[in-house]
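Have a look at the structure below before the remarks.
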Amino acid sequence: MPSTPLSITSRLPQVGTTIFTVMSALAQQHGAINLSQGFPDFDAPAELLALLGEAAREGHNQYAPMTGLPVLREAIAQKVQALYGADYDAGEEITVTAGATQALFTAIAALVHPGDEVIAFAPVYDSYGPSVALQGGRMVYADLPAPSYRPDWAQVARLITPRTRMIILNSPHNPTGAVWTADDMATLAALVKDTNIVLLSDEVYEHMVFDGLRHESVLRYPALAERAVVVSSFGKTYHITGWKIGYALAPKALMAEFRKVHQFNVFTVHTPSQVALARFMAKPGWYEQLRALYQGKRDIFRQALASSPFELLPCQGTYFQCVRYVALSDEGDQAFVERLTREHGVAAIPLSAFYPDGRDEGVIRFCFAKSATTLEQALERLRRL
Ligand SMILES: Cc1ncc(COP(=O)(O)O)c(C=O)c1O
């Protein structure tokens, strides 16, 4: 291929290769156990895989409706009614998307205008900033201070201006595992009352909340839900991150705008997966089982490192455990994870990658969505440090 003669002005000049790609490549190069990227190394339930094959063989192989198969939208409507007491119309208020990332991008593209300000909380999931930048919006970051990573609501109040168009929230939170409380939701409701602010709630870890805590979905709170797009991911919930399928819920007028963008972006999502998921969702007990599975893995991880030099930070949800390594090294977090991968055979993500200003607080993130054997081997290596 010849090199292009074109002069290209990047729409995203700050964006390079993500740390997830870098660390996974380094893990592979050194044969390290990869606890960096956030995906399970165990398979989806056999029954779900069988349903996928069955759906394809039954002939569900052509375009699904633009908004998603009615049977799946109905199943989502029933789920949010049963779990959160929320009434969403499957016809007009729910759309099936190609994963949560697409739903987040679509909501931002549909609702953020050039010059609008969007508040998000740092450390922050990496897709929000570039999605807002592509619309000509301006990101404004509120801090989640370590080690509790709780929001500082007084700061959020100061950051809200007449130009604030959107607040993006993410509980349970990647990368910190922090879970917002009912008080957080009440404070947020008071802050946005009588404003024109849209909420974009990234709830992909909604079923991974531990120690008897409750997931405070925006869907539980009508005063929040009436101004919100709520996003979730089947990838996280059913160990199928590679299927790239999720959904968005919003009141009719917001969803109408969302669908205008969705229609010309992906138009429609993989049909057999939708059939399989609709059938699998009818099975009771999955969410409780998922919560118990990940709480068990979190406990194994924490117990194994309890008397190690790593300082375990709180982990109330998600499948991520953050640790401070100050007792082991004064290296920067990126240098530390690279050495951990090369010399000790375990890959992690430096938290500085989640801060727009690259702040390094000596904290790294491990993903514990791994089989018992993988975890045992990784923990054995980490205990030797
Ligand atoms: C906070 C958060 N939002 C969204 C996503 C993306 O979900 P999906 O794979 O369904 O696009 C992830 C995946 O890691 C995530 O951690």
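Which of the DSSP-defined H helices in the chain satisfy a minimum axial length of 18 Å, computed from C-alpha atoms, and a minimum mean Kyte-Doolittle hydropathy of 0.5?
99-111
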(message) Using a Cα-Cα cut-off of under 16 Å, which aspartates and glutamates could be cross-linked to LYS260, ignoring same-chain neighbours fewer than 8 residues away?
(response) GLU92, GLU93
(message) Which GluC sites (Glu not before Pro) in the stretch 242-350 sit in a loop by DSSP (not H, G, I, E or B) and have at most 12 other Cβ atoms within 10 Å of their own Cβ?
(response) none
(request) Among GLN62, SER36, GLY85, pick out the residue whose Cα is farthest towards the positive end of the charge dipole of the stretch 1-104, where Lys and Arg carry +1 and Asp and Glu carry -1 on C-beta, about the Cα centre. (result) SER36
(request) Report, as a whole number in µm² per second, the diffusion coefficient that Stokes-Einstein gives for the chain at 4 °C and 1.567 mPa s using the Kirkwood radius over alpha carbon pairs. (result) 60 µm²/s
(message) Please compute the length gained on full extension between GLU92 and THR181, using 0.36 nm multiplied by the number of residues separating them and subtracting their Cα-Cα distance.
(response) 29.1 nm
(message) With the crude spin-label approximation of a point 7 Å out along Cα→Cβ, what separation in nm comes out for ASN61 versus ALA253?
(response) 4.5 nm
(message) Between the stretch 85-158 and the stretch 323-355, how far is it from one alpha carbon centroid to the other, in angstrom?
(response) 28 Å
(request) Using amide H atoms built 1.01 Å from N in the peptide plane, name the residues 5+ places from HIS270, or on other chains, whose amide H lies under 5 Å from its own. (result) none
(message) Just to be sure I follow the definition: excluding the sites themselves, where is the longest run in the chain that has none of the trypsin sites (Lys or Arg not before Pro) in a DSSP loop with at most 15 other Cβ atoms within 10 Å?
(response) 12-162
(request) Using DSSP to define loop residues, name the GluC sites (Glu not before Pro) in the stretch 16-104 whose beta-carbon has at most 14 other beta-carbon atoms within 10 Å. (result) GLU58
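Work out the P(r) tail for the stretch 137-208: percent of alpha carbon pairs separated by more than 15 Å, whole number.
Roughly 56 percent, once rounded to a whole number.
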(request) Multiply the residue gap between ARG158 and GLN29 by 0.36 nm, knock off their C-alpha separation, and tell me the result in nm, one decimal place. (result) 41.8 nm
(message) With an 8 Å Cα cut-off and a minimum separation of 6 or more residues, compute the relative contact order for the stretch 98-211 in percent.
(response) 27 percent
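ALA335 to GLU361: extension gain in nm, 0.36 nm per residue of separation minus the Cα-Cα distance?
8.1 nm
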(request) Please go through the stretch 256-305 and write out the chymotrypsin sites (Phe, Trp or Tyr not before Pro) that DSSP classes as loop and that have at most 16 other C-beta atoms within 10 Å. (result) PHE267
(message) Between GLN377 and ALA189, how high is the FRET efficiency from 1/(1 + (r/R0)^6) when r is the Cβ-Cβ distance and R₀ = 41 Å? Nearest 0.05.
(response) 0.35
(message) Using Cα-Cα distances under 8 Å and only pairs 6 or more residues apart, what relative contact order does the chain have, in percent?
(response) 25 percent
(request) Could you work out the local net charge near ASP89, counting Lys and Arg as +1, Asp and Glu as -1, over the other residues with Cβ closer than 11 Å to its Cβ? (result) -2
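Values quoted throughout were computed directly from the atomic coordinates according to the rules given, and no laboratory measurement underlies them. Because the structure is predicted, anything quoted here is derived from the model rather than measured. Using ideal geometry, Cβ is built from the backbone for each residue, glycine included, and neighbour counts are taken over all protein chains shown.
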